[in-house]
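Participant: Would you mind keeping the following structure in view while I ask a few things?
The values are calculated or read from the model by the stated rules, or taken from the named source; none is laboratory data. All figures in this text were calculated on a predicted structure; none of them were measured in a lab. Note: ideal-geometry Cβ built from the backbone for every residue, glycine included; neighbour counts use all protein chains shown. Each accessible area value is taken on the protein alone, full model and side chains, heavy atoms only, with ligands, DNA and RNA left out. Shrake-Rupley method; radii C 1.70, N 1.55, O 1.52, S 1.80 Å.
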Amino acid sequence: TVDGLIDATAKDGRIHTIFQQTVTATGRLSSTNPNLQNIPVRTEEGRRIRDCFVSKSPYKTLLTADYSQIELRLLAHLAEVPSLREAFAGGEDIHARTASEIFGIPRDKVDKEARRRAKTINFGIIYGMSAFGLARQLNIGRKQAAEYIDTYFDRYPGVLSYMNNVRSSAAEQGYVETFFGRRLYLPEINSRNGMRRQAAERTAINAPMQ
């Protein structure tokens, strides 16, 4: 990582990445030459590398901005889930709310571990994660993972029907669309190979929220 950043240093002694909106299939911004979206943050080495980034401005400040749980907010809108909409409108901690709903814990008793597990479930659902995949992520049995997913769909009615509609529409049309009409074609959506078809279905579910 460090060697790549050194090689990308310009004559002014600084690094100038290129942000592009036409490279990724989903239309998300991508960073190239070098990829500054891929600097590790969870490891000690990654944090030391990040410490090397300094501001050129006299204020010595770098500003970072991110949409808060944007995929889940879009899911609440696209799937028309009143409880999720109300939770976001009210400024609730959506992961704590999900932990309370899924694990049957009073809201004020949700600890960090329960919230972490609920976060995995929240984002796993929108990425089309199966019970098998969720079980691996949470290190639990497949049956329990399936129960968590079923409970999620029970607590947030509308999500499952939305996902089923996306799957059937993608299979019929061969593509899915974002809210503003950007298309993502899915050549494997009707594949006879189950793994390829399921991967395309997961992409179909997630793409409109990207």
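Participant: Looking only at the stretch 4-17, which residues are within 28 Å of the chain's Cα centre (by Cα) and open to solvent by 80 Å² or more (accessible area, probe 1.4 Å)? Can you show your working first?
Facilitator: Of the residues in the stretch 4-17, the ones within 28 Å of the chain's Cα centre (by Cα) are 4-5, 15-17.
Correct list: HIS16 only.
Participant: Cβ-Cβ below 9 Å, separation at least six or inter-chain, first residue in the stretch 54-68 and in contact (Cβ under 8 Å) with a residue 24 or more places away in the chain, second surrounded by 10 or more Cβ atoms within 10 Å (Cβ to Cβ): which pairs?
Facilitator: From residues that are in contact (Cβ under 8 Å) with a residue 24 or more places away in the chain, the pairs are LYS56/ARG14.
Participant: Still on this structure, please answer the following. When you go through PHE53, PHE19 one by one, which is the residue that is out of contact with any helix residue (DSSP H, G or I) (no Cβ under 9 Å at 6 or more places or on another chain) and modelled with pLDDT of 85 or more?
Facilitator: On the way: PHE53 fails: modelled with pLDDT of 85 or more.
None of the others qualify; the one that does is PHE19.
Participant: If you go through the stretch 121-136 one residue at a time, how many are at pLDDT 90 or above and either open to solvent by 80 Å² or more (accessible area, probe 1.4 Å) or within 12 Å of ILE94 (Cα to Cα) (or both)?
Facilitator: Counting residues in the stretch 121-136 that are at pLDDT 90 or above and either open to solvent by 80 Å² or more (accessible area, probe 1.4 Å) or within 12 Å of ILE94 (Cα to Cα) (or both) gives 5.
Participant: Find the residue count for the stretch 158-210, including only residues that are open to solvent by 70 Å² or more (accessible area, probe 1.4 Å), closer than 22 Å to ILE70 by Cβ and assigned to a loop (DSSP other than H, G, I, E, B).
Facilitator: 3
Participant: Here is a follow-up. So the check is Cβ under 7 Å with 6+ separation or different chains; which pairs have a first residue in the stretch 170-190 that's within 10 Å of ALA204 (Cα to Cα) and a second one that's open to solvent by 100 Å² or more (accessible area, probe 1.4 Å) and basic (Lys, Arg)?
Facilitator: Every condition considered, the pairs that remain are TYR175/ARG183; GLU177/ARG183.
Participant: Let me ask you something else. If a residue has to be closer than 16 Å to THR151 by Cα and either open to solvent by 40 Å² or more (accessible area, probe 1.4 Å) or within 15 Å of the chain's Cα centre (by Cα) (or both) to count, how many in the stretch 67-104 make the cut?
Facilitator: Number satisfying all stated conditions: 5.
Participant: Could I ask something else about it? Of the residues that make up the stretch 31-44, is at least one in contact (Cβ under 8 Å) with a residue 40 or more places away in the chain and of a type outside the set (Ser, Thr, Tyr)? Before you say what the answer is, go through the steps one by one.
Facilitator: Within the stretch 31-44, the first condition is being in contact (Cβ under 8 Å) with a residue 40 or more places away in the chain, and the residues that meet it are none.
Looking for residues that are in contact (Cβ under 8 Å) with a residue 40 or more places away in the chain and of a type outside the set (Ser, Thr, Tyr), one finds none in the stretch 31-44, hence no.
Participant: Out of all the residues in the stretch 22-52, which are of a type outside the set (A, V, I, L, M) and touching a strand residue (DSSP E or B) at 6+ places or on another chain (Cβ under 8 Å)? Show your work before the answer.
Facilitator: The first filter runs over the stretch 22-52 and keeps only residues of a type outside the set (A, V, I, L, M), leaving 22, 24, 26-28, 30-35, 37-38, 40, 42-48, 50-52.
The answer is THR24, THR26, SER30, SER31, THR32, ASN33, PRO34, GLN37, ASN38.
Participant: If you don't mind, another one. Which ones in the stretch 105-120 are open to solvent by 50 Å² or more (accessible area, probe 1.4 Å) and over 20 Å from the mean Cα position of the chain (by Cα)? Before you say what the answer is, go through the steps one by one.
Facilitator: Start the filter on the stretch 105-120 by keeping residues that are open to solvent by 50 Å² or more (accessible area, probe 1.4 Å), which leaves 106-109, 111-113, 115-116, 119.
Hits for the stretch 105-120 are PRO106, ARG107, ASP108, LYS109, ASP111.
Participant: Just the residues that are more than 18 Å from TYR156 (Cα to Cα), among the β-branched types (Val, Ile, Thr) and touching a helix residue (DSSP H, G or I) at 6+ places or on another chain (Cβ under 6 Å), please, taken from the stretch 96-141.
Facilitator: Answer for the stretch 96-141, where residues must be more than 18 Å from TYR156 (Cα to Cα), among the β-branched types (Val, Ile, Thr) and touching a helix residue (DSSP H, G or I) at 6+ places or on another chain (Cβ under 6 Å): just VAL110.
Participant: Identify the single condition in (1) open to solvent by less than 90 Å² (accessible area, probe 1.4 Å); (2) at positive phi that VAL23 does not satisfy, given that it satisfies every other one.
Facilitator: Of everything listed in (1) open to solvent by less than 90 Å² (accessible area, probe 1.4 Å); (2) at positive phi, VAL23 misses just condition (2).
Participant: Within the stretch 42-52, is even one residue out of contact with any Cys (no Cβ under 7 Å at 6 or more places or on another chain), assigned to a loop (DSSP other than H, G, I, E, B) and surrounded by 11 or more Cβ atoms within 10 Å (Cβ to Cβ)? Can you show your working first?
Facilitator: Here is the first cut: in the stretch 42-52, the ones out of contact with any Cys (no Cβ under 7 Å at 6 or more places or on another chain) are 42-52.
Now narrow it down to the ones that are assigned to a loop (DSSP other than H, G, I, E, B): 42-43, 51-52.
Checking the rest, the ones that are also surrounded by 11 or more Cβ atoms within 10 Å (Cβ to Cβ) come to none.
No: the stretch 42-52 contains no residue that is out of contact with any Cys (no Cβ under 7 Å at 6 or more places or on another chain), assigned to a loop (DSSP other than H, G, I, E, B) and surrounded by 11 or more Cβ atoms within 10 Å (Cβ to Cβ).
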